[in-house]
Each structure stands twice: as C-alpha cells, then as structure tokens.
C-alpha cells in the first residue's frame with residue numbers, strides 16, 4: 001500500500017472525521033427516534049433484562065507493507081530509437097515488407113530496392129572471371145603438342161624463307177657485278193645499272209626480314225618448349241583476381257538492395273514508399289530497439305535526493321483507468337533545468353501493447369517501504385486530534401474500547417494505526433457505533 005504525501009493524507013483524514021461525525025449524528029438521531037417509538041420502548045427493557053448480545057462482525061489488524069513515495073508526470077519515449085537507412089543510394093524502392101507497430105528481428109529484410117541493373121553487371125563480371133580463369137589454366141598447363149608442331153613447322157618455313165632470300169640476293173649481286181662492267185665499257189646506260197642496284201638493295205631488305213621471321217619463329221618454339229614465363233602467368237593471375245574482385249563488389253552492392261533491420265525491436269515509423277528513390281540521408285524506418293519503452297518523468301530538484309536507480313514506480317494513466325503497471329527507475333539526469341528547476345528521471349516500462357511513444361502518464365516513485373499496522377477505515381470511531389477509537393474483542397464475547405493513534409490513509413479504504421493495536425487484534429467492523437466498553441457481543445461470520 002502506498003502512503004500518500006502528508007498534505008493529502010491530512011485532507012483525507014479531515015474528510016474521514018467529517019464522515020464519521022455525520023455517521024454518529026445519524027446514529028444518535030436513530031436512537032432518539034427509537035426512544036420515541038412505543039414499540040421499541042417495549043423491546044428495550046427486554047434486551048436489558050435478558051442481556052442479549054449485540055451482533056457484530058470482526059476484522060483483524062494486519063501488519064502491512066506501506067509504500068511511501070511521490071507522484072510525477074511524464075511522457076513515454078523509446079529507450080533506443082534506431083534509424084534504418086538504405087546503404088545503396090539512387091535505387092528505386094521496389095518492395096516494402098513491414099509496417100508500423102510490427103515486431104522485427106535483427107537481420108530481417110524490411111524492404112527491397114530495384115537491383116536489375118546491378119544484376120546485369122554481375123552477369124558480365126562473372127563472364128570476365130570465367131575468361132580470366134581459362135587463360136590462367138591455359139598458361140599453367142603449358143604448351144600442347146599441336147602448338148609445338150605448328151611452331152616447328154613455322155621455323156622450317158622461316159628457314160626456307162631465309163635460304164630463298166639469301167639465294168635471290170646472291171643472284172642479284174652477280175647481276176650487279178656484270179652490269180657494272182658493262183656500264184664501265186659503255187655497253188649499258190647508267191640508268192640501267194641504277195635499276196639493278198636498287199633491286200639488290202630490296203633483296204637485302206627481304207633477306208633481313210626473312211631472318212627476323214626466322215628468329216621470331218625460333219623464339220616462339222623455344223618458349224613453347226620451355227613453357228610460359230613466370231611473369232606472364234603472374235600477370236594473368238592478377239587479371240583473374242581483378243575480375244573476381246569486381247564480382248564481389250557487385251554482389252555486395254546487390255546485398256545492399258535489401259534494407260536490413262540492424263537489431264530486433266518494433267517498427268516505430270515507416271517513411272519508405274514504393275517507387276521512391278533511396279537516399280542515405282533519410283531513414284526509411286525507425287525501430288524501437290528491443291521494443292523497450294520508458295517513461296521520462298520530470299522531478300522537482302527538491303525531491304531528486306529521494307530518487308535512486310532501481311526504485312519501483314507505479315504507472316497509471318488518467319484517460320485509461322485500466323492501465324496499471326510497475327516500472328523501475330533506470331537513470332537520473334544530473335542536470336537540473338534552470339527554468340523549471342526540474343530534472344529528468346527515466347523509468348523502464350514493462351512490455352505492454354497499450355503503451356505508445358508520446359503517451360502522457362503518471363508515475364508514483366516508491367521511495368521507502370515500511371511495515372505498519374492497518375485496519376479498514378470503517379472500523380474507526382472519532383476521538384480527538386490524531387486519535388480515534390476502536391472496539392477490540394476480549395476473549396470470545398466482550399469488547400474493549402481502545403484509543404488508537406491514526407497515521408496515514410492508504411489505498412483500498414484502509415488506514416495506518418501508529419499506536420494502540422497489535423497485529424492480529426480482532427476489532428469490530430460492523431456495529432461499533434452501538435457498543436459500550438465491556439459490552440457483550442455476538443460475533444457474526
């Protein structure tokens with residue numbers, strides 16, 4: 001039971017005494033009416049003569065845990081609000097798979113972006129990888145027999161070409177010698193000699209080209225016999241790795257077309273719209289991490305010293321009388337607002353489908369638990385000041401009027417008794433206004 005603030009308790013006690021006073025006035029008036037009624041005049045002597053016991057009902061004084069605290073108001077907020085943005089930008093939102101209020105798991109797909117262009121690029125990159133793999137495999141396997149045969153045949157052809165060019169050159173050189181003699185004797189013109197000299201120079205060039213082709217053919221044959229050079233294989237392997245890296249890059253970009261929940265929780269807002277373009281600066285969703293909500297209470301600085309992390313907070317709502325929850329103080333903001341002279345206290349709330357961010361709630365922070373004796377307020381009879389009276393059962397059938405000191409009024413129409421009763425004392429609940437000290441009673445079940 002919660003002990004309210006002292007001013008509230010005093011006001012409630014004042015109302016209690018007023019109510020009890022009215023009750024006694026009514027009871028007194030009833031006795032006066034009975035005294036004027038002849039029928040009752042006949043009955044009263046009979047009761048006195050026979051000593052008939054007054055019927056009463058009893059209740060036991062209970063040792064109760066009394067909770068002391070104070071109330072504050074605040075707003076429901078998310079403990080941790082996670083923005084979810086698209087990693088891939090400039091892509092059209094194709095599918096939305098969740099909506100506000102829905103629970104999601106970490107790693108769950110929330111939406112998909114259009115990745116058709118990336119898929120085409122992936123196909124092309126995979127083809128490049130296959131081509132590079134074939135090239136590396138070919139180099140590592142070495143020369144095939146048919147390649148060696150072609151290279152050897154090429155050397156033979158190039159050798160024959162050199163021999164032919166050499167023969168042609170020797171023939172033209174002999175013609176040059178004869179024509180030089182004829183030109184010296186005046187048998188031919190100088191132009192004729194120059195023509196033959198030009199043919200000789202052309203034939204010398206043909207011989208050099210034939211020798212170059214032979215050298216190239218011999219080099220290819222040697223390379224085929226020795227296998228590919230290490231640097232050639234290394235270069236081909238590097239090209240293969242580059243092609244594979246391109247595939248991995250596109251695969252990663254395709255994965256980014258799926259908008260993934262970073263953690264489990266509840267979808268608080270959904271800004272994503274089908275057909276809209278993704279933008280890394282604008283969240284598509286926000287998630288309440290773990291679905292955990294808390295109440296942000298504003299506490300006056302004069303009461304902050306009474307608040308400690310872990311204290312129980314009883315939560316209620318003015319517009320929802322069925323809402324009754326127990327929260328727990330999580331954090332206390334050390335900074336007091338210099339205008340309102342209040343500080344923020346965050347209270348963890350239990351899972352409840354009726355709680356929404358932005359709701360306005362009341363919280364009663366329980367600052368202390370004490371043990372005290374409590375009885376129903378209906379068992380009290382007025383006395384003076386902080387005192388009242390009750391009738392305590394003595395033995396089995398007689399009552400004793402007992403003065404008690406009243407503490408605070410508690411919830412559930414009970415009152416704290418500071419002094420005058422012990423736990424387990426049986427006191428009169430119904431029938432007390434008609435009793436006298438030491439009177440005999442008949443206990444009703």
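The values are calculated or read from the model by the stated rules, or taken from the named source; none is laboratory data. Being a predicted model, the structure only gives us computed values, none of them experimental. FYI the Cβ positions are ideal-geometry reconstructions off the backbone, even for glycines, and counts take in every protein chain you see.
Restricting 235, 220, 239, 177 to those that are assigned to a helix (DSSP H, G or I), touching a residue at least 60 places away in the same chain (Cβ under 8 Å) and either within 60 Å of the chain's Cα centre (by Cα) or surrounded by fewer than 13 Cβ atoms within 10 Å (Cβ to Cβ) (or both) reduces the list to 239.
Somewhere in the stretch 378-386, is a residue crowded, with 18+ Cβ neighbours inside 10 Å, under 54 Å from the mean Cα position of the chain (by Cα) and modelled with pLDDT under 90? No.
Conditions tested, residue by residue: (1) surrounded by fewer than 16 Cβ atoms within 10 Å (Cβ to Cβ); (2) assigned to a loop (DSSP other than H, G, I, E, B).
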site	(1), (2)
275	yes, yes
286	no, no
294	no, no
331	yes, no
335	yes, yes
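Within the stretch 132-174, the set of residues being under 60 Å from the mean Cα position of the chain (by Cα) and in contact (Cβ under 8 Å) with a residue 60 or more places away in the chain comprises 132, 133, 135, 136, 139, 140, 142. Comparison of 404, 392 shows that the only residue that is under 26 Å from residue 65 (Cα atoms), in a strand (DSSP E or B), within 57 Å of the chain's Cα centre (by Cα) and at pLDDT 90 or above is 404. Please tell me if residue 204 is closer than 24 Å to residue 135 by Cα and either out of contact with any strand residue (DSSP E or B) (no Cβ under 6 Å at 6 or more places or on another chain) or at pLDDT below 85 (or both). Against the criterion (closer than 24 Å to residue 135 by Cα and either out of contact with any strand residue (DSSP E or B) (no Cβ under 6 Å at 6 or more places or on another chain) or at pLDDT below 85 (or both)), residue 204 does not qualify. Looking at residue 261, is it within 57 Å of the chain's Cα centre (by Cα), surrounded by 13 or more Cβ atoms within 10 Å (Cβ to Cβ) and closer than 30 Å to residue 278 by Cβ? The answer is yes for residue 261.
With respect to the stated conditions, residue 111 is touching a strand residue (DSSP E or B) at 6+ places or on another chain (Cβ under 6 Å) and either at pLDDT below 95 or on the phi < 0 side of the Ramachandran plot (or both).
Residue 373: surrounded by 11 or more Cβ atoms within 10 Å (Cβ to Cβ), more than 29 Å from the chain's Cα centre (by Cα) and either over 19 Å from residue 80 (Cα atoms) or outside the structural domain of residue 409 (by TED's automatic domain parsing) (or both), yes or no? Show your work before the answer.
On the way: surrounded by 11 or more Cβ atoms within 10 Å (Cβ to Cβ): yes; more than 29 Å from the chain's Cα centre (by Cα): yes; either over 19 Å from residue 80 (Cα atoms) or outside the structural domain of residue 409 (by TED's automatic domain parsing) (or both): yes.
Judged against the criteria, residue 373 is a match.
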